[in-house]
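Working notes for the structure below.
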Amino acid sequence: MEPAVTITRDITIEDLVNAVPESVSYLMKNRIKCLACGEPIWGTLEEAAREKGFSDEEIERFVADLTALSVKGGMNNQTGGMFLCSHNQ
């Protein structure tokens with residue numbers, strides 16, 4: 001099955017969450033963006049990850065995970081559960 005959108009490190013957060021709504025939970029769980037706190041959604045996936053100190057390898061993993069998430073059923077249960085806001089760390 002084809003992904004709903006091509007996900008790269010250059011995708012904007014806004015485009016990502018519009019194309020793959022499930023990405024909101026993923027971004028929060030991985031402490032990339034906390035949209036529940038009203039953290040701004042502008043910028044790219046790479047810029048957001050770099051702001052939080054993630055490496056190139058971690059960013060590539062995010063791209064792969066989000067690509068799988070964009071394919072229906074690609075990640076199954078990996079986006080659920082509890083997560084902590086990075087603002088509270």
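The values are calculated or read from the model by the stated rules, or taken from the named source; none is laboratory data. Since we're looking at a predicted model, the values are computed, not measured. With ideal geometry, Cβ positions are generated from the backbone for all residues, glycine too; neighbour counts draw on all protein chains shown.
Miscellaneous remarks
- Some residue of segment 31-47 being among the polar types (S, T, N, Q), more than 12 Å from ARG9 (Cβ to Cβ) and modelled with pLDDT of 90 or more: no
- Restricting segment 51-67 to residues that are surrounded by fewer than 16 Cβ atoms within 10 Å (Cβ to Cβ) and not basic (Lys, Arg), the residue that is modelled with the lowest pLDDT: GLU51
- Residue pairs whose Cβ atoms lie under 7 Å apart, sitting 6 or more positions apart in sequence or on different chains, and linking a residue in segment 50-62 that is touching a residue at least 24 places away in the same chain (Cβ under 8 Å) to a partner that is among the hydroxyl-bearing types (Ser, Thr, Tyr) and part of a helix (DSSP H, G or I), are LYS52/SER86.
- Candidate set from segment 21-57 (those that are of a type in the set (D, E, K, R) and under 15 Å from ILE7 (Cβ atoms)); member that is farthest from the chain's Cα centre (by Cα): GLU47
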